[in-house]
Amino acid sequence: MKSIKLPKKTVAIIAFLFVAVIVCATILSVTSHSGVKRVFYFPAIGTEKLVKEVRYIPKNPVQGDVRLYVDELLLGSQLPRLRPLFSLGTTVSFFSLNDGILYVDLTDDVILQKSDSPDIEVGINLFEKNIKKNFKNIAEIKLFIGGKSVYKYSEKQKEKR
């Protein structure tokens, strides 16, 4: 079998193009995100410290961006050293966002404290903090557990029931 001899100039051009394609692909994969940047705060295991986690959530999800964010928040952190806000298995049984007022009813799993989750009051305060940091258009949060009102946040005043 005969080997083909290419001129050095041609080999240099091919090598340059190969490196350029790899560099461009790397830059595009790092800079182009198919979603919206969202920030999550979770408590660290063994301390009272809060850890910030950044995720890219899909743009225009079917269920709406706030609902998707709430679902992701309830699933917990993607990092193993962080605790969920509420007991694992907690889900949303009712969700509504009307005129800047967010209504969220969580399942009774919150009360069970089955996992390494923080105290319910700490979880509720972190829930509020996460929502306020990511959605400036929400002026009021009304949180329910098992259909019973447990928390209300308002831009004008903060009150617990």
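The values are calculated or read from the model by the stated rules, or taken from the named source; none is laboratory data. These figures come from a predicted structure and were not determined experimentally. Don't worry about glycine lacking a Cβ; one is built from the backbone with ideal geometry, like all the others, and counts go over all protein chains shown. These accessible areas exclude ligands, DNA and RNA; they are computed on the full protein's heavy atoms, side chains included. Shrake-Rupley method; radii C 1.70, N 1.55, O 1.52, S 1.80 Å.
If packing is taken as the average count of other Cβ atoms within 10 Å, what order do 101-112, 34-45, 7-18, 55-66 fall into, highest mean first?
Ranked from most to least packed, the peptides come out as 101-112, 34-45, 55-66, 7-18.
Which longest uninterrupted range of the chain lacks any GluC sites (Glu not before Pro) assigned by DSSP to a loop state (not H, G, I, E or B) and surrounded by at most 12 other Cβ atoms within 10 Å?
The longest such stretch corresponds to 49-154.
Given the range 1-115 reduced to its alpha-carbon atoms as identical point scatterers, what log10 I(q)/I(0) does the Debye formula return at q = 0.18, 0.22, 0.23 Å⁻¹?
The Debye formula, applied to the Cα set alone, gives -1.05, -1.26, -1.30.
How big is the dipole moment of the chain about its Cα centre under a simple scheme where the beta carbon of each Lys and Arg is +1, that of each Asp and Glu is -1, and everything else is neutral? Debye, nearest 20, please.
Numbers: 25 positive and 16 negative charges, 226 e Å.
Here the chain has a charge dipole of around 1080 debye.
Just to confirm, what accessible area per residue do you get for the chain at 1.4 Å probe, in whole Å²?
Roughly 64 Å² per residue, with all protein chains present.
Anything in the chain that counts as a DSSP H helix reaching 30 Å or more along its axis (C-alpha) with Kyte-Doolittle mean of at least 0.0? List them, would you? Kindly include the intermediate steps, with their values, before the conclusion.
Numbers: long enough: 8-31 (34 Å, 2.13).
Span-like helices in the chain: 8-31.
Relative contact order for the range 42-155: what percent, with Cα pairs under 8 Å and sequence separation of 6 or more? Walk me through the numbers on the way to the answer.
Working: 179 pairs, mean separation 24.8, N = 114.
Relative contact order comes out at 22 percent.
I'd like the carbon and sulfur percentage of the solvent accessible area for the chain, probe radius 1.4 Å, heavy atoms only, ligands and nucleic acids excluded.
About 59 percent, which is the carbon plus sulfur part of the accessible surface.
For the range 69-155, what is the number of Lys pairs with C-alpha distance below 18 angstrom, counting only pairs 8 or more positions apart or on separate chains?
Summing the qualifying lysine pairs gives 8.
Give, in nm to one decimal, the length gained when the segment between ASP116 and LEU79 is fully stretched (0.36 nm per residue of separation minus the Cα-Cα distance). Walk me through the numbers before you get to the answer.
Values: separation 37, 0.36 × 37 = 13.32 nm, distance 1.40 nm.
Answer, rounded to one decimal: 11.9 nm.
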